[in-house]
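The values are calculated or read from the model by the stated rules, or taken from the named source; none is laboratory data. These figures come from a predicted structure and were not determined experimentally. Here Cβ is always computed from backbone atoms with ideal geometry, including for glycine, and neighbour counts include all displayed protein chains.
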Amino acid sequence: MRIASVQAPRCGISSATGYAASLARELETIDPDLVVLPEKWVTDRLDQDSADLWAILEIFMDLSSSSGCSVVPGSFSIIRDGKLYNSSPFIRNGRVQGFQDKISPYRNERSIYEPGRDISVFDAGSIKIAIAVCYDLDFPYYTKVSVARGARMLVNPSLIVNEFHEMWHIYVRGRSLENRIPIVSVNSLSDPFGGGSMITWMDYTDSGVLLKSTECNTAPVTVAEVDERRVDGPLMARFNEDPGEYGISSAR
């Protein structure tokens, strides 16, 4: 599976459509199976039915239709039913198949955004994926619920400032290794975020698994190959080993 991590710069809606169109032309030459952009790379708040939002989404829908790829075009500040959500669309077969709302708003987001209520799993063709928007990745149960619902890859549109990159990478590697699940975590290149996106996967040996990763540093687009056919066995073995709950006796 060819994955394209796109560290899109942050921009307003007035320039976002032009950027998306130029990006789509570049991605056509790469021929990816999955494309992922960062959290809130478009800085405006957009109504879910607005022409501005759908002008961007239609570019990625056309890319999906022509190339056969799945696209997670980052997350957007989306107004729905009078409430503001940090929401990530999933595009497959030239259509928006659904939206994943961020469940755990970060700090001041709590007073601005309505939290999501559920975790969805999307069919990306050769693998099923769940979308953890930025801070959602920090919580172990998010990944475990995603796996239980059939996800075999986690996509993480993010917006992480430079000084927190080291801790962010620990979270990505930790969630990936503890669950034996590939993760695509994508940040914006714009200041003060500075890119540093990461794609992780497992290398399988006779003795166990080794965590592998591609760090994107400051490259606008990075491509990594992940063998999704080898994910299910080790992932489910780890899932079944975890009892999910523990009791600690106080008896002496």
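Summary of computed values
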| read-out | value |
| --- | --- |
| Among residues of segment 97-128, those that are of a type in the set (A, V, I, L, M), free of Cβ contacts under 8 Å to residues at least 60 places away in the same chain and closer than 25 Å to E58 by Cα, counted | 2 |
| Among the residues listed as L154, L159, L177, the single one being modelled with pLDDT of 95 or more, touching a Phe, Trp or Tyr at 6+ places or on another chain (Cβ under 7 Å) and either surrounded by fewer than 23 Cβ atoms within 10 Å (Cβ to Cβ) or not charged (D, E, K, R) (or both) | L159 |
| Unmet requirement for Y142, which otherwise passes all of (1) of a type in the set (S, T, Y); (2) under 17 Å from L211 (Cα atoms); (3) free of Cβ contacts under 8 Å to residues at least 40 places away in the same chain | (2) |
| Residue satisfying condition, being surrounded by 15 or more Cβ atoms within 10 Å (Cβ to Cβ), in contact with a Ser or Thr (Cβ under 9 Å, 6 or more places away or on another chain), modelled with pLDDT of 95 or more and more than 27 Å from E26 (Cβ to Cβ), within set I129, I119 | I119 |
| Residue, farthest from V72 (Cα to Cα), within segment 92-135, restricted to residues that are in a loop (DSSP other than H, G, I, E, B) and of a type in the set (K, R) | R117 |
| Extreme residue, modelled with the highest pLDDT, among residues of segment 205-226 that are within 27 Å of E28 (Cα to Cα) and among the acidic types (D, E) | E225 |
| Failed item in (1) assigned to a loop (DSSP other than H, G, I, E, B); (2) in contact (Cβ under 8 Å) with a residue 12 or more places away in the chain; (3) of a type in the set (D, E, K, R), with D49 passing the rest | (2) |
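Conditions tested, residue by residue: (1) surrounded by fewer than 22 Cβ atoms within 10 Å (Cβ to Cβ); (2) closer than 22 Å to E225 by Cα; (3) modelled with pLDDT of 95 or more; (4) not aromatic (F, W, Y).
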site: N108; (1), (2), (3), (4): yes, no, no, yes
site: C134; (1), (2), (3), (4): no, no, yes, yes
site: F139; (1), (2), (3), (4): yes, no, yes, no
site: G150; (1), (2), (3), (4): yes, yes, yes, yes
site: I181; (1), (2), (3), (4): no, yes, yes, yes
site: S188; (1), (2), (3), (4): no, yes, yes, yes
site: I199; (1), (2), (3), (4): no, yes, yes, yes
site: D203; (1), (2), (3), (4): yes, yes, no, yes
